[in-house]
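Working notes for the structure below.
The values are calculated or read from the model by the stated rules, or taken from the named source; none is laboratory data. The structure presented is a predicted model; accordingly, all values stated were derived computationally and were not measured. Cβ placement follows ideal geometry from the backbone for every residue including glycine, while neighbour counts extend to all protein chains displayed.
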Amino acid sequence: MKPATRLVHFESCPGDRLRPVATPIYLTTTFEQESALGLGQFDYSRSGNPTRAVLERQLADLEGAAKAFCFSSGLAAITAVTRLLNAGGEILASAFLYGGTCRLFTKLSQYSGIAVRYVGSTDVESFRREIRPATRLVYIETPTNPLLHIIDIAGVAKIAHESGALLCVDNTMMSPYLQNPLLHGADIVIHSATKSLAGHSDVTAGVVAVSDTAIGEEVYSIQNGEGAVLSPFDCYLFLRGMKTLGIRLDRQESNAQKILEFLKQQSAVQHLYYPGLNDNLTGQLHGSQARGGGCVISLETGSKEASQRFVEALELFTIALSFGSVASSVSMPAFMSHASVPPSLRSQNGLPSDLVRLSVGIEDADDLIGDLSQALAKV
Ligand SMILES: *Cc1c(COP(=O)(O)O)cnc(C)c1O
């Protein structure tokens, strides 16, 4: 079955004798045991909950994973992945990362004895040059947020594996509907489901999906041991939102294409960023590992002041952090989502202060273009 079908056809209530078609919310912390010594399928909701189990199985299916785990946020999911390393180990990370991930890695390197080094370029050879025997985990995003650079997942996976390291890909920008890094050699995928996966700006959630059951057992023991699980109610919202992932992203992407065509004609727009837009080679690379460009467009106006005027003049695009929701939003990453990137990394990842990031929603494209047009006139 193709992804659009799998998004709505899955076992929603395994074993339920009433056979409901929507997954019930099991708002229970604990489960009665048949005897003092015999545990049932579920015993305690931190360790496992039926609503979460349905969601995790569905996510594993969509990512082509052996196992998936749902956490209370994207950063809780990333934190769990870092727990796979011991003191003395090293993370080799792309410099083009979500601001909160950089902040987490900086803290981690200060208290845990785990070193973090960054690769300031997106080509595979730079990863080959930088990897060391102590590297246990290579960590990337592709397309990168917010500049939408593309990194070769299979190429970096090969380098990681030759060195005995794991590759983790943050797949938030694409979601499993558009990209499945595990099928290109990655070992771990993380998601901030807060973005496109849940898609309605009403649930904060994270996902870890793994390619093999041995890593899965480790992640399970970290999740159960540290406890940052997703609540049953949030699992329900996530499941409900995810059913429309395909139809939402199809519409968001077709809106994004129309908006790109419009923005290309605007003299106030000095530079446009969209996966593969400015370079055929990376466009081909993206096409070989993903099924679309997604809903995020970035642009530059030439000055921070002009960008601010543009952003504040928009009416349908809400000024807000995050992306991937049904409603369009806009942000200035250097001052918002990426404000927490340490100055040393800023110079490496070259985030322009006039950068504007649009997250295109499911509205009517003409209305969105009308809004962009009136706001650009004020620049
Ligand atoms: C938002 C985001 C995160 C963090 O997720 P939260 O759910 O906010 O904790 C991680 N990676 C990327 C790419 C993100 O956009």
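Any residue at all in region 179-194 that's of a type outside the set (Phe, Trp, Tyr), within 16 Å of the ligand (Cβ to nearest atom), on the phi > 0 side of the Ramachandran plot and part of a helix (DSSP H, G or I)?
no
Rundown of residues vs (1) buried (at least 19 other Cβ atoms within 10 Å of the Cβ); (2) more than 16 Å from the ligand (Cβ to nearest atom); (3) not assigned by TED's automatic domain parsing to the domain that holds Tyr118, yes/no style:
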site	(1), (2), (3)
Pro50	yes, yes, no
Glu63	yes, no, no
Ala66	no, yes, no
Ala80	yes, no, no
Ser94	yes, no, no
Thr101	yes, no, no
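Please list, ordered by first then second residue, the pairs with beta carbon atoms under 8 Å, 6 or more apart or interchain, first in region 322-348 and touching a residue at least 24 places away in the same chain (Cβ under 8 Å) and hydroxyl-bearing (Ser, Thr, Tyr), second within 15 Å of the ligand (Cβ to nearest atom) and in a helix (DSSP H, G or I).
Ser337/Gly99; Ser337/Gly100; Ser340/Gly99; Ser340/Gly100; Ser340/Cys102; Ser340/Arg103
Of the conditions (1) outside any loop (DSSP other than H, G, I, E, B); (2) crowded, with 16+ Cβ neighbours inside 10 Å, Pro352 clears all except one; give me its number.
(1)
Just to be sure, is Val116 β-branched (Val, Ile, Thr) and either in contact (Cβ under 8 Å) with a residue 60 or more places away in the chain or more than 16 Å from the ligand (Cβ to nearest atom) (or both)?
Considered against the rule, which asks whether it is β-branched (Val, Ile, Thr) and either in contact (Cβ under 8 Å) with a residue 60 or more places away in the chain or more than 16 Å from the ligand (Cβ to nearest atom) (or both), Val116 comes out as no.
Out of curiosity, is Ser121 assigned to a helix (DSSP H, G or I), among the small types (Gly, Ala, Ser) and more than 22 Å from Cys295 (Cα to Cα)?
Criteria not met by Ser121.
Among what's in region 149-175 and is over 17 Å from Cys102 (Cα atoms), in a loop (DSSP other than H, G, I, E, B) and touching a residue at least 60 places away in the same chain (Cβ under 8 Å), pick the residue that is nearest to the ligand (Cβ to nearest atom).
Met174
Filter region 327-367 for residues that are over 23 Å from Gly120 (Cβ atoms) and in contact with a Lys or Arg (Cβ under 8 Å, 6 or more places away or on another chain); which is farthest from the ligand (Cβ to nearest atom)?
Ala365
Give the residues of region 306-341 that are β-branched (Val, Ile, Thr) and under 17 Å from Cys102 (Cα atoms), sorted by residue number.
Scanning region 306-341 gives a single hit, Val341.
Checking the structure you have, find out if any residue of region 199-218 is on the phi > 0 side of the Ramachandran plot, more than 14 Å from the ligand (Cβ to nearest atom) and either out of contact with any Cys (no Cβ under 8 Å at 6 or more places or on another chain) or hydrophobic (A, V, I, L, M, F, W, C) (or both).
No, region 199-218 contains no residue that is on the phi > 0 side of the Ramachandran plot, more than 14 Å from the ligand (Cβ to nearest atom) and either out of contact with any Cys (no Cβ under 8 Å at 6 or more places or on another chain) or hydrophobic (A, V, I, L, M, F, W, C) (or both).
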